[in-house]
Number of protein chains: 6
Amino acid sequence: MTTVADILTFLETLAPKSMKMDWDNVGMLCGSKSTPVTKILVALDPFEGVCREAADIGAQLIITHHPLIFQAPKAITDETSIGRSIMFLCSHGISAINAHTNLDQAPGGVNDVLAATLGLENVEIINPVNGCGLLRKGEVAEQDLTSFLTTVKEKLHCEGLRYVDGGKPVHKVAVGGGSCAGGMLEACDAGCDTFVTADIKYNQFWDAKDLGLNLIDAGHFHTENPVVAVLAEKIAAKFPGIEVKISETHHDCMKFY
Amino acid sequence: MTTVADILTFLETLAPKSMKMDWDNVGMLCGSKSTPVTKILVALDPFEGVCREAADIGAQLIITHHPLIFQAPKAITDETSIGRSIMFLCSHGISAINAHTNLDQAPGGVNDVLAATLGLENVEIINPVNGCGLLRKGEVAEQDLTSFLTTVKEKLHCEGLRYVDGGKPVHKVAVGGGSCAGGMLEACDAGCDTFVTADIKYNQFWDAKDLGLNLIDAGHFHTENPVVAVLAEKIAAKFPGIEVKISETHHDCMKFY
Amino acid sequence: MTTVADILTFLETLAPKSMKMDWDNVGMLCGSKSTPVTKILVALDPFEGVCREAADIGAQLIITHHPLIFQAPKAITDETSIGRSIMFLCSHGISAINAHTNLDQAPGGVNDVLAATLGLENVEIINPVNGCGLLRKGEVAEQDLTSFLTTVKEKLHCEGLRYVDGGKPVHKVAVGGGSCAGGMLEACDAGCDTFVTADIKYNQFWDAKDLGLNLIDAGHFHTENPVVAVLAEKIAAKFPGIEVKISETHHDCMKFY
Amino acid sequence: MTTVADILTFLETLAPKSMKMDWDNVGMLCGSKSTPVTKILVALDPFEGVCREAADIGAQLIITHHPLIFQAPKAITDETSIGRSIMFLCSHGISAINAHTNLDQAPGGVNDVLAATLGLENVEIINPVNGCGLLRKGEVAEQDLTSFLTTVKEKLHCEGLRYVDGGKPVHKVAVGGGSCAGGMLEACDAGCDTFVTADIKYNQFWDAKDLGLNLIDAGHFHTENPVVAVLAEKIAAKFPGIEVKISETHHDCMKFY
Amino acid sequence: MTTVADILTFLETLAPKSMKMDWDNVGMLCGSKSTPVTKILVALDPFEGVCREAADIGAQLIITHHPLIFQAPKAITDETSIGRSIMFLCSHGISAINAHTNLDQAPGGVNDVLAATLGLENVEIINPVNGCGLLRKGEVAEQDLTSFLTTVKEKLHCEGLRYVDGGKPVHKVAVGGGSCAGGMLEACDAGCDTFVTADIKYNQFWDAKDLGLNLIDAGHFHTENPVVAVLAEKIAAKFPGIEVKISETHHDCMKFY
Amino acid sequence: MTTVADILTFLETLAPKSMKMDWDNVGMLCGSKSTPVTKILVALDPFEGVCREAADIGAQLIITHHPLIFQAPKAITDETSIGRSIMFLCSHGISAINAHTNLDQAPGGVNDVLAATLGLENVEIINPVNGCGLLRKGEVAEQDLTSFLTTVKEKLHCEGLRYVDGGKPVHKVAVGGGSCAGGMLEACDAGCDTFVTADIKYNQFWDAKDLGLNLIDAGHFHTENPVVAVLAEKIAAKFPGIEVKISETHHDCMKFY
């Protein structure tokens, strides 16, 4: 019988813990390794809606990108979102595991999937250390910025984009799913003219303009969510006896107007 | 219908949060304030055995002195004692609240109960700040140390005591339930010849000998547990419709040989 | 003859230094207090374009909201944006002064102007300390969220908005120009159903949804820029002999798609 | 003529300074390396009684396990125990040297002597780093806990023991003289069922119970003092012309009741 | 019989401990308060030469400005200067007390004596806090710098001076015995044209030149030593039965060439 | 056409940035690498007088030992010396570069030039790490201290010296230009009897006396300034088309009396 421990062992091969950032929290964050597993729900976040969906479909395990516990809680009560999630999981015998910055960095992880989704070619890691790194760069056929914005919006299913025009056509593109605008200089130094990431702040847009870099905020959810389907697929392939579902209820809560 | 919130409000009157130490964690540590309560289990610690006892007797709430969560956990799994307690409480719908250093300091709390149990008279707070403080001092009829050791052992139901003889008869006695040996100098400066506390280390016994202070380790459990019955009694008196039980299974795990 | 020192003294009456945050840098950041002033340029930021515009119109002083120097520079060279701005100002004899978080907090400053621009009524400071505070709250006629989004977009001249729907109609609105999403809980505790600010991150949108708060990102530039015209007007009124111009070239560099 | 320097050089071969913990203070802590030595007093602690005994027997040197100076003193006066010891030594021309955590770790040091005293066989270092480590593990014939407690009490001349029953017979035993309860997990991971150390606190007894480990507090003095005789013997053998005495007055000041 | 404690009590009236800097170490630094005192040696520093001189004249106590212990020692051996001093004092039964930054600040202390020695009039504390402060300012008849340099050299018995010419005549003079160059701006803001202190570094001379301040380095020893005679006198007057001597051997070790 | 960048590249070969201390600030500190250079002013410090001299002679670049910016400035105004220097340089189009602790350490840098100026032979780096280090040691014919003091004063053009007599003749001499007295123990351990440096404080002179080391303060300016001519010469030799001048106005501002 397959258990949570087996899934965790396989996840470690896809995104080893040694690849995570120091401050991150990944792996077995709730439940029991010995729980037998027949159904799994995969989603970007372990929010309450996802926990309920797992219970509704009869899953014993949720696998997410973002960790269930980030700031370690001093209390587990129904007054906080994290407390409600933990109470719900415990009372329904559902375990929760995740791969976060290790999945960002891993080959075939968040950023490789994002690069592939955007159709980049000749994809490489930017500034790899021991073959490992966060950002990816690749190429698209040279085109004007508007043309590339159309591609990004369509491929990532974004409702809207925010961007600054660096004054160059798009050819060499860096990508970093989630909040990676801090890597802007690295992207420039790697020869990129364009950088797709999320959660970009006012001064960062201006920094990009100063650098002559096209900087595109495609949304935290939309730049990371593509990995969910890939992750689900790999787990399903490895464990044919287990039903692996992608969350149908979890979407970005933020809208454009 | 009485809820956890009502009990918590009453507990705040007995041991206000403002009296706790900065590093401490007290109050509502697991569950939901809106849970209706008909049965409560009171104990010194919220360990797994106590959680199970609560479930066995059908309690919806446990009230303890020590906090369920001290070091905030990065994961809630069955691989740690705290993880198992939280998972058990959540899956059984039992809430957990506590009063720790606020109960140590509160009038009628841990240290006043300890002083009373030992039969001290003219009890005062040592070094009160705004009328509030940790240690208590009081008087017994002057007696030799052996006589007082007999009293301590009997009144606190200790299997054994550890002590250093400071070379003086016992008359003015300081008490601090749990690990309070760091307050030794305060006890001396307050004119005490004898100090009853717990968890005393090698160098602290020697420090006491240097100071000419009779220092008695009566055990962490035995110096704090007397407050449990008093606490249970006060809650029962306030909420006559609720059954308040004192843990029958929780005892000190440490033995003498 | 009016000098930079005179303008600075007046600016202190509008936004006293004592109102600034500890980490902030405000006041006389470049040039000389003794410089005679006949023309002033007012803008949100002291970026290079603004510095050039000042020289083009013959201004001896620029007044901005954001500070010329935030991270103190280890070198003043043309390889950084701040270095280029300082070199340009020094070589053109232009001084630079600013009011940042002190202007955010000041009565009639950034946040009062933002509240007025959005048409809020019965405006109050949220959690004032000694009558001073960052966020403002006020009321609009109860309306659905879409209606309010239309107002925000129109009044602040936004190209687009990002928001999360908290599930409530809009009536009590909190505002905080620039990056104030960290004040979300304060806005809720003050009884607001809606909060307008900028630079909002993924997890903050989710936190708002958890709280049932309508959270609107109207852009850092668009929520703070309204104060520029008000500031220019006040200075012009005080110094009739000086020509005070609002920057015509400085706009938000970020666009929506 | 043998000097303090010669003894110190030999002590370094028994317990090299490189083996000490970072926070520790060992070696030449009082006096002069050039002092000629004909008589040495060896004891666990350099307390005042030991200093006086050294003077009484005409020793020029005391060698101890615990350091004379731990917290560096801001004053050397007769108002503190350490001040009195230093004043006494200086005025009697007695030097003081010691080996503390280096002697804990050294082969043939505190923990090897403790293991031997308890009759452990097949003794190994637990988690050695470069062949060096603190705790030792070894085997006794499998026996029930009571039987082993009797052995410990007798061999270490303890007046009493404190312990928790881990629920297993005793076969593989870890030892750590003094305050080593923090190494409990290491002892478990090394396959031990029983751990003998000292200065154990309330929560540590409970942690042991959770781990299923028999944890025995045999006293700080009694777990470390056996090394004194061995150390005296080695020095006497190396320096046949010097009279090496073991303190006759220094005992544990703590008693059981 | 007068004891060290009596002298210490009187010293506290001259230079209360509450006036010392946080980082400083003053008061009873070696020996015993109960030692009877018939002869005292007073000196600026408690160096070995001074300790020997005390023994030679039969003093039971040395009183100094600089503390015997500044960096708390991890060992008391003859390999360090401080170790040799402590060993010598302890073996000769000599106690050591001192008043350092409290004597700098005290009325009639180091800086008042320095001001008086230089003939300043209308002496005031610079920037007093609760009537207490480090630097003093006073007036001399306006004169050129060379004239004042002659006075300083002669009155303080300096072999040489180092100074920077601030370009102004000397009239309002600040003084700070020892290393007080960090107070240069305070001296300027207090309206002084000249500042006498010691241990001045390269960049501080340039800072003074920038400020237009005459800055004079008259030597650490020579700016502080005048207080020694005054202190000796006060103690002798208070304790007529005690012989109070000023060190005859202690001089500045630094020379000019 | 030679630019600032070319000079900077050559300076890097003389004193690589990798040789600087962590806390130091060196290289391109003001202006633009692309500025064409026909005239350079070299000086120890980039003070205002030096900046004005550069403008007077028509230099486009100043090269100094000490950095223009040490403490990064929060404002560039005419109220501070550094602000005035930067404003002057920017308004006159003059760039500023420097080599500080990297030039101290570099072969042929500050300390090698100082050793050569004093006529030391068999010069070696003290405690080199990877062939690099701060202090130098060398030999002079054995002589009494007075004789060596005469040499130092004459060769370094000092108006005066401050020194302590360590009680030994001079033969093995350590040198460290500027504030290197903290390296006193290193100099002793390297077998030197004499150490020439600057900015020496009271307690450091006493430490030297305790160590039996002749310690000579020859002034910060005079121990470092010799490198200026050597640096100017090397740059002139490398760039024959550029006029390289040594500052004629910059001297030590400190005088002896």
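The values are calculated or read from the model by the stated rules, or taken from the named source; none is laboratory data. Just so it is clear, the model here is predicted, and its values are computed rather than measured. No Cβ is skipped: glycine too gets one built from the backbone with ideal geometry, and neighbour counts run over all protein chains shown.
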**OP:** Sort out which residues of the range D:157-184 are β-branched (Val, Ile, Thr) and over 18 Å from the mean Cα position of the chain (by Cα), and write them in order of number.
**Re:** D:VAL164, D:VAL170, D:VAL173
Subject >> Which listed residue, of E:LYS201, E:LYS238, E:LYS255, E:LYS209, is more than 8 Å from chain F (Cβ to nearest Cβ) and not small (Gly, Ala, Ser) >> reply: E:LYS238
Original post:
Where residues in the range B:75-95 are at the interface with another protein chain (Cβ under 9 Å from one of its Cβ atoms) and under 21 Å from the mean Cα position of the chain (by Cα), which of them is modelled with the highest pLDDT?
Top reply: B:SER95
**OP:** Determine which single condition A:LYS238 fails, assuming it passes every other condition in (1) surrounded by fewer than 21 Cβ atoms within 10 Å (Cβ to Cβ); (2) touching a Leu at 6+ places or on another chain (Cβ under 7 Å).
**Re:** (2)
Subject >> Tally, over the range F:152-171, of residues that are under 21 Å from F:PRO226 (Cβ atoms) and within 11 Å of chain E (Cβ to nearest Cβ) >> reply: 8
Original post:
Looking at F:THR223, is it in contact (Cβ under 8 Å) with a residue 24 or more places away in the chain, assigned to a helix (DSSP H, G or I) and within 12 Å of chain E (Cβ to nearest Cβ)?
Top reply: yes
Original post:
Just for the range D:163-192: of the residues that are in contact with a Leu (Cβ under 8 Å, 6 or more places away or on another chain) and assigned to a strand (DSSP E or B), which one is farthest from D:ALA116 (Cα to Cα)?
Top reply: D:VAL164
**OP:** Filter the range E:69-86 down to residues that are of a type in the set (A, V, I, L, M, F, W, C) and either farther than 28 Å from D:GLY27 by Cβ or surrounded by 24 or more Cβ atoms within 10 Å (Cβ to Cβ) (or both), then give me how many there are.
**Re:** 2
Original post:
On the given criteria, is A:GLY160 crowded, with 19+ Cβ neighbours inside 10 Å and assigned to a loop (DSSP other than H, G, I, E, B)?
Top reply: no
Original post:
What's the number of the condition B:GLU53 fails, among (1) among the charged types (D, E, K, R); (2) surrounded by 16 or more Cβ atoms within 10 Å (Cβ to Cβ); (3) facing chain A (nearest Cβ under 10 Å)?
Top reply: (3)
**OP:** Tell me, please, whether a residue that is surrounded by fewer than 22 Cβ atoms within 10 Å (Cβ to Cβ) and in a strand (DSSP E or B) can be found in the range F:35-50.
**Re:** yes
**OP:** Give me a count of the residues in the range B:19-45 that are charged (D, E, K, R) and within 11 Å of chain A (Cβ to nearest Cβ).
**Re:** 2
Subject >> Test for F:PRO67: is it of a type outside the set (Phe, Trp, Tyr), more than 22 Å from C:LEU68 (Cα to Cα), touching a Pro at 6+ places or on another chain (Cβ under 9 Å) and at pLDDT 95 or above >> reply: yes
**OP:** Just need a number here: residues in the range D:55-74 that are without any contact (Cβ under 8 Å) to a residue 40 or more places away in the chain and within 16 Å of the chain's Cα centre (by Cα).
**Re:** 4
**OP:** Give the residue, chosen from B:ALA5, B:ALA106, B:ALA15, that is surrounded by 24 or more Cβ atoms within 10 Å (Cβ to Cβ) and either within 30 Å of B:ILE126 (Cβ to Cβ) or touching a residue at least 24 places away in the same chain (Cβ under 8 Å) (or both).
**Re:** B:ALA15
Subject >> Unique residue being away from chain A (no Cβ under 14 Å) and closer than 22 Å to A:CYS253 by Cα when the list is C:CYS132, C:CYS192 >> reply: C:CYS192
Original post:
Can you name the number of the only condition in (1) in contact (Cβ under 8 Å) with a residue 12 or more places away in the chain; (2) in a loop (DSSP other than H, G, I, E, B); (3) of a type outside the set (Phe, Trp, Tyr); (4) farther than 17 Å from C:LEU149 by Cβ that C:VAL230 fails?
Top reply: (2)
**OP:** Starting from the range D:115-127, keep only residues that are in a helix (DSSP H, G or I), then list their pairs with residues that are at pLDDT 95 or above and small (Gly, Ala, Ser) whose Cβ atoms are within a distance under 8 Å, requiring at least 6 positions of separation or different chains.
**Re:** D:ALA115/D:GLY138
**OP:** Kindly check whether there is at least one residue in the range B:119-128 that is under 16 Å from B:VAL227 (Cα atoms), crowded, with 19+ Cβ neighbours inside 10 Å and under 15 Å from the mean Cα position of the chain (by Cα).
**Re:** no
Original post:
Any residue at all in the range C:80-96 that is out of contact with any helix residue (DSSP H, G or I) (no Cβ under 8 Å at 6 or more places or on another chain) and in a helix (DSSP H, G or I)?
Top reply: yes
**OP:** With respect to E:ASP217, determine if the residue is of a type in the set (Asp, Glu), facing another protein chain (nearest Cβ under 9 Å) and under 28 Å from E:ALA106 (Cβ atoms).
**Re:** yes
Subject >> the range E:81-98, residues that are in contact with a Pro (Cβ under 7 Å, 6 or more places away or on another chain) and either within 16 Å of F:ASP210 (Cβ to Cβ) or not hydrophobic (A, V, I, L, M, F, W, C) (or both) >> reply: E:ILE82, E:GLY83, E:SER85, E:ASN98
Subject >> Enumeration of residues in the range E:172-181 that are more than 13 Å from chain F (Cβ to nearest Cβ) and either aromatic (Phe, Trp, Tyr) or free of Cβ contacts under 8 Å to residues at least 40 places away in the same chain (or both) >> reply: E:LYS172
Original post:
How many of the residues in the range E:128-157 are more than 24 Å from E:THR13 (Cβ to Cβ), touching a residue at least 60 places away in the same chain (Cβ under 8 Å) and not in a helix (DSSP H, G or I)?
Top reply: 2
Original post:
Does the range B:182-205 contain any residue that is in contact (Cβ under 8 Å) with a residue 24 or more places away in the chain, among the polar types (S, T, N, Q) and buried (at least 24 other Cβ atoms within 10 Å of the Cβ)?
Top reply: yes
